[in-house]
Amino acid sequence: MMWKRRSVDGIQQLPEERKALAERYTIDAEEAQRREAGEQARRDAEKELERKAAEAEARRAAEAEERARRAAEAERERRAAEEQARRAAEEEARRAAQAEEEARRAAEAEEAARLAAEAEEARRAAEAEVARRAAEEARLTAEEQARRAAEAEVEARLAAEAEEARCLAEEQARRAAEEEARRAADAEEARLAAEAEEARRAAEEQARRAAEAEQARLLAVAEEQARNALNAELAREAAAEQASSAAQAGLNQASAEPTEPVATLDPEPEPALVSEPAGNPELPIYRWFDSG
């Protein structure tokens, strides 16, 4: 830095120069305060924007959660409708099977009645034949009649035994058919119970999985909200730290402004050496003379 000699006239005007410097420093301080106020207003606006963004994000998350809840309710209603339709179909199939079983039993009963009618007709035909033969044998001799009567008695006994055996076979066939029908009904009931149990377990498994998925989704939403809140807090702390650093830098800059050097006089009074700050070349205190 180059130093110049100041004129004697400049020494006399020193208080006015100090006043000008004081006014200049005051203007610079006011400008710094205005800038700091503008910077604070900008930071406040940024914080407000961040707050509004966080509120918008929370609102969007709530809307997404509501849509997910409505979708889950619709899915549950659809599954309930499907379950109801399936049960209706199973009931219809059971009724059809029951009707088929009743038709089969009716056919078996009809067949048994037909066989009984045929047996009754055969018995009557046999009785008619026996009566015819008895009438014919009435014209024969007593011995022949006795022989034929014995033969007829044997035939009648055999016919009775045959009828008894036929009735016994019909009873056994009826009991076997009833037992087979009972076993079929028990098997059908066991199958329907097993299907109902399997459907109940499947519904419980689906409900459990849906509950686990909903819990995982809510946990992810909570973690996302916590992460957004943490980021907002970090951003706020960083902004506060930047503001503090800027304020400290302003204070350091203000304290580092150059001060006016103290004038010294020689035994033969000589002008003191001062440095000229840039900015006011018209003032006498800042007039410089080239020493070369």
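Scanning the stretch 148-162 turns up at least one residue that is part of a helix (DSSP H, G or I), touching a Leu at 6+ places or on another chain (Cβ under 9 Å) and more than 30 Å from GLU111 (Cα to Cα).
Report, by residue number, each residue of the stretch 131-147 that is in a helix (DSSP H, G or I) and farther than 27 Å from ARG114 by Cβ.
To start, the set of residues in the stretch 131-147 that are in a helix (DSSP H, G or I) comprises 131-137, 142-147.
Result: ARG133, ALA134, ALA135, GLU136, GLU137, ALA142, GLU143, GLU144, GLN145, ALA146, ARG147.
For the stretch 219-232, give me each residue that is in contact (Cβ under 8 Å) with a residue 12 or more places away in the chain and either under 21 Å from ARG67 (Cβ atoms) or within 22 Å of the chain's Cα centre (by Cα) (or both). Steps first, answer last, please.
First pass over the stretch 219-232, keeping only residues in contact (Cβ under 8 Å) with a residue 12 or more places away in the chain: 221, 224-225, 228-229, 232.
Within the stretch 219-232, VAL221, GLU224, GLN225, ASN228 qualify.
Report yes if ALA96 is among the small types (Gly, Ala, Ser) and either in contact (Cβ under 8 Å) with a residue 40 or more places away in the chain or more than 28 Å from ALA187 (Cβ to Cβ) (or both), otherwise no. Answer is no for this residue. Condition (residue is touching a residue at least 12 places away in the same chain (Cβ under 8 Å), in a helix (DSSP H, G or I), more than 27 Å from ALA68 (Cβ to Cβ) and not aliphatic (A, V, I, L, M)) applied to the stretch 189-206: is it met by at least one residue? Yes: the stretch 189-206 contains one or more residues that are touching a residue at least 12 places away in the same chain (Cβ under 8 Å), in a helix (DSSP H, G or I), more than 27 Å from ALA68 (Cβ to Cβ) and not aliphatic (A, V, I, L, M).
Here are GLU77, GLU180, GLU83: which of them is of a type outside the set (A, V, I, L, M), closer than 30 Å to ALA199 by Cβ and in contact with a helix residue (DSSP H, G or I) (Cβ under 8 Å, 6 or more places away or on another chain)? Answer to the selection: GLU83.
Here the stretch 45-56 is the region considered, the condition is being under 14 Å from ARG236 (Cα atoms) and hydrophobic (A, V, I, L, M, F, W, C), and the residue that is surrounded by the most Cβ atoms within 10 Å (Cβ to Cβ) is ALA54.
If only residues of the stretch 88-110 that are among the charged types (D, E, K, R) and surrounded by 12 or more Cβ atoms within 10 Å (Cβ to Cβ) are counted, the one that is nearest to GLU170 (Cα to Cα) is GLU108.
Which number in (1) surrounded by 14 or more Cβ atoms within 10 Å (Cβ to Cβ); (2) within 17 Å of GLU101 (Cβ to Cβ) marks the one condition that GLU163 misses? Only one criterion in (1) surrounded by 14 or more Cβ atoms within 10 Å (Cβ to Cβ); (2) within 17 Å of GLU101 (Cβ to Cβ) is unmet by GLU163, namely (2).
Could you look through the stretch 111-126, keep only residues that are more than 17 Å from GLN172 (Cα to Cα) and touching a residue at least 24 places away in the same chain (Cβ under 8 Å), and pick out the one that is surrounded by the most Cβ atoms within 10 Å (Cβ to Cβ)? That would be ALA126.
Residues in the stretch 57-78 that are among the acidic types (Asp, Glu) and surrounded by 12 or more Cβ atoms within 10 Å (Cβ to Cβ): GLU57, GLU65, GLU75.
Bear in mind these aren't lab numbers, they're just calculated from the coordinates by the rules spelled out. Every value quoted in this text rests on a predicted model; they were computed, and no experiment measured them. When we count neighbours, we look across all protein chains shown, and the Cβ atoms used for this are built from the backbone with ideal geometry, even at glycine.
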